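Below: one structure, written as structure tokens.
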Amino acid sequence: MAVARLNKLRILVHKSQTEELIDSLQEAGALEVIDLKSRLAEDEYSVFFKGLPPDERAGAPDEALGEILWLIDFMAIADKKKRYTLKKEEFQEIAKSFDYQPIFKIAKEMEFALKQLETPKKVLSEEVSRFLPWRDLGIDLEELSKDGYVIKGLASIKEEPFSALDEGLKELNLDVYIESVSRSDNTVYIFFAYLKEDDEKVVHVFKKYGLEHIYFPEYKGKPDELLALAEDTLGTIDIKKKGLYDTISRLAGHKKEAMVLFDYLSNLARKNEASRKFLSTEEVYLVEGWVKRSSAKALKEKVETKFSEAALSLSEPAPGDDVPIILENWRFFQPFELITKIYGMPAYNEVDPTPFLAPFFFLFFGFCITDAAYGVILILLSFWALKKFRMGWMGNRFLRLLLYGGFSTLILGAMTGGWFGNAIDMIVENNRSLIFLKQVKDSIILLDPMEDPMKLLVVALTLGFAQIWFGHIVAIYGNVKNKRYLDALMDQGSILIFLFGFTGLVLGILGAIPKSVSSLFVIFTVAGSLLIVLTAGRNYPSIGSKIFYGIFTLYNAFSGYLSDLLSYSRLWALGLVTGVMAATSNMMAVIIGNMVPYIGFIVTVLILVGGHLLTLAMSLLGAFIHPIRLQFVEFFSKFFRGGGRSFEPLRFENKYVMIE
């Protein structure tokens, strides 16, 4: 449960064996290649070695990868399969023989042809929508735009004003011919005609009743004829599109080959990138890389066996080396590595915080939800997702973290009596035959937050107190591990002495411990304060700056302790909010359901499901954000700085194809 120890492996190999060496290292997947070009400034390297010239092949895989990726996405129109499983021999045979470019060219032509059909199809579809209400109008649309003694036109009007329109025209003695052509969605589509001399009055009435004019100035012919023509043209376009999609379906028969080639070229690009980090003489290539100490001997022996003339050496990291980080934790703790990696990887000689934060995050997650029924839901959902979906490293560990959170929520929810809020109590009130449910629930309860919320606050602050102290203890462990014994005593030791005394004084004032021992805590408080003031600034040059920094550190220890401790009250608040929201959902569902006749039961169920889903979603968000924030700000600040980077070995990484 720590940051894995690494060795530096150095390999000198004849240039004729370089390609084979890279292939072997990539297959082993255990070495992160060091970029040696920066070492040319050092005499040890510049006297003998030079950087490799640009590889003409280097850009080739990158150029092809973009085209193949587009081709795979385009083939998904006809073939939705996302992954294949192949034997190594079949993979290599396809990768070496498949030429994607002819298929890529045809696919691009198909894409262009489809785009060429999209615009006319969109225009024709809009025309069909416009002509459809006028299908039964037996007038050439060109007639509507002709000037004369009679004004003719088309318009739409809502049903209600249409029924009163005729009366409105008669009141003004206007003779207007109106014909209802069709009706749709409370709208009437009409043809009208009236004398030109009445235009001003008619227009006024039309505006009054909300009539909207519809124009077809660019069309000639009757609407039914134009509609039939548009529909025929759309049919022709659909036939052409079907032919194109048939061609795409045939192309999609090569999707497996395209995926194989993408993965092959991706790994080739990684290999080329690694090779550009080597140094060379006229005859020899120099390779350096980081390898896990537990794997170093086996990798060295494997390379020596295959390349008998190569010279290899293993060494420990030197001061100033940029050593990559591998986290090594027991299986239970591995999902919690996600939290560490969100913050940042530890430095090589730093303590891995993962196993230390894990029990606290586990408890805090359940504390924020405190509803056993929600815990059961999280367990079932995460377990189902783990079995149903094949996810990557991060997705798998996130689901396992959610599974752990479900168990934490179940345990703490049962201990605080939360089962969909107060659902069991409400059920028993209406059906006393189910009293045994309440009896079982109550027998498990250790603390009811609704009855005694202040006890829950004390528990939250106690957990905070434990984690703050534990953070300082972990800092001591880190200093001792790195043989910084004086730092452990003067930095963390002095603060713990001060906090022990100060905490005892506060508990004495609150009456939690006998006042007879208060003098002992006064001694610890004073001793801790003096140690902090006298030692915290020991690295500063002048006496004044030493004392000033010591006083500043003492102030931070005092104020930081209080502010850190109070931050854990958020656990208390979130735990209470979940119970209140769940109970409110229950109450609203019953009250509103009783108010609705006939379908009241259905309404009750819908409100219950919606209310509890909303409560679970909000509580789940809080259960991640706030415990993570407590780890980063209140816990990590005591011992963890970060700044490391992940170990990235040269290896085969396939996106689409799994090798058996």
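Summary of computed values
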read-out	value
Failed item, numbered, when residue 315 is tested on (1) open to solvent by 10 Å² or more (accessible area, probe 1.4 Å); (2) among the polar types (S, T, N, Q); (3) out of contact with any strand residue (DSSP E or B) (no Cβ under 7 Å at 6 or more places or on another chain)	(3)
Any chance residue 80 is within 30 Å of residue 255 (Cβ to Cβ) and outside any helix (DSSP H, G or I)	yes
Residue within the stretch 315-323 that is among the small types (Gly, Ala, Ser), farther than 28 Å from residue 24 by Cβ and within 37 Å of the chain's Cα centre (by Cα) present	yes
Complete set of residues in the stretch 528-552 that are open to solvent by less than 40 Å² (accessible area, probe 1.4 Å) and either in contact (Cβ under 8 Å) with a residue 40 or more places away in the chain or more than 47 Å from the chain's Cα centre (by Cα) (or both)	535, 536
Residue 644 being buried (at least 18 other Cβ atoms within 10 Å of the Cβ), farther than 30 Å from residue 462 by Cα and modelled with pLDDT of 90 or more	yes
Selected residue [part of a helix (DSSP H, G or I) and in contact (Cβ under 8 Å) with a residue 60 or more places away in the chain] from 581, 618	581
Residue list for the stretch 459-486, restricted to those being at pLDDT below 90 and of a type in the set (A, V, I, L, M, F, W, C)	486
Out of 384, 393, 330, sole residue that is in contact (Cβ under 8 Å) with a residue 40 or more places away in the chain, of a type in the set (Phe, Trp, Tyr) and open to solvent by 90 Å² or more (accessible area, probe 1.4 Å)	330
Qualifying residue in the stretch 49-68 (condition: more than 30 Å from residue 224 (Cβ to Cβ), at pLDDT 90 or above, outside any helix (DSSP H, G or I) and open to solvent by less than 50 Å² (accessible area, probe 1.4 Å))	no
Residue that is nearest to residue 324 (Cα to Cα) [pool: residues in the stretch 256-312 that are of a type in the set (A, V, I, L, M, F, W, C) and out of contact with any strand residue (DSSP E or B) (no Cβ under 8 Å at 6 or more places or on another chain)]	298
Some residue of the stretch 397-416 being in contact (Cβ under 8 Å) with a residue 24 or more places away in the chain, closer than 18 Å to residue 577 by Cα, in contact with a Lys or Arg (Cβ under 9 Å, 6 or more places away or on another chain) and open to solvent by 30 Å² or more (accessible area, probe 1.4 Å)	no
Some residue of the stretch 104-119 being modelled with pLDDT of 70 or more, among the β-branched types (Val, Ile, Thr) and closer than 22 Å to residue 657 by Cα	no
Any hit, the stretch 256-274, residues being surrounded by fewer than 17 Cβ atoms within 10 Å (Cβ to Cβ) and over 30 Å from residue 62 (Cα atoms)	no
Residue in the stretch 118-136 that is touching a residue at least 12 places away in the same chain (Cβ under 8 Å), under 30 Å from residue 218 (Cα atoms) and outside any helix (DSSP H, G or I) present	yes
Tally of residues being of a type in the set (Gly, Ala, Ser) and part of a helix (DSSP H, G or I) across the stretch 151-199	3
Selection status of residue 177, in contact (Cβ under 8 Å) with a residue 40 or more places away in the chain, open to solvent by 40 Å² or more (accessible area, probe 1.4 Å) and of a type outside the set (A, V, I, L, M)	no
In the stretch 475-525, residue farthest from residue 550 (Cα to Cα) [restricted to those that are among the β-branched types (Val, Ile, Thr) and open to solvent by less than 40 Å² (accessible area, probe 1.4 Å)]	503
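The values are calculated or read from the model by the stated rules, or taken from the named source; none is laboratory data. Worth saying up front: this structure is predicted, and the values here are computed from it rather than measured. FYI the Cβ positions are ideal-geometry reconstructions off the backbone, even for glycines, and counts take in every protein chain you see. Keep in mind that these areas ignore ligands, DNA and RNA; they rest on the heavy atoms of the full protein, side chains included. Shrake-Rupley method; radii C 1.70, N 1.55, O 1.52, S 1.80 Å.
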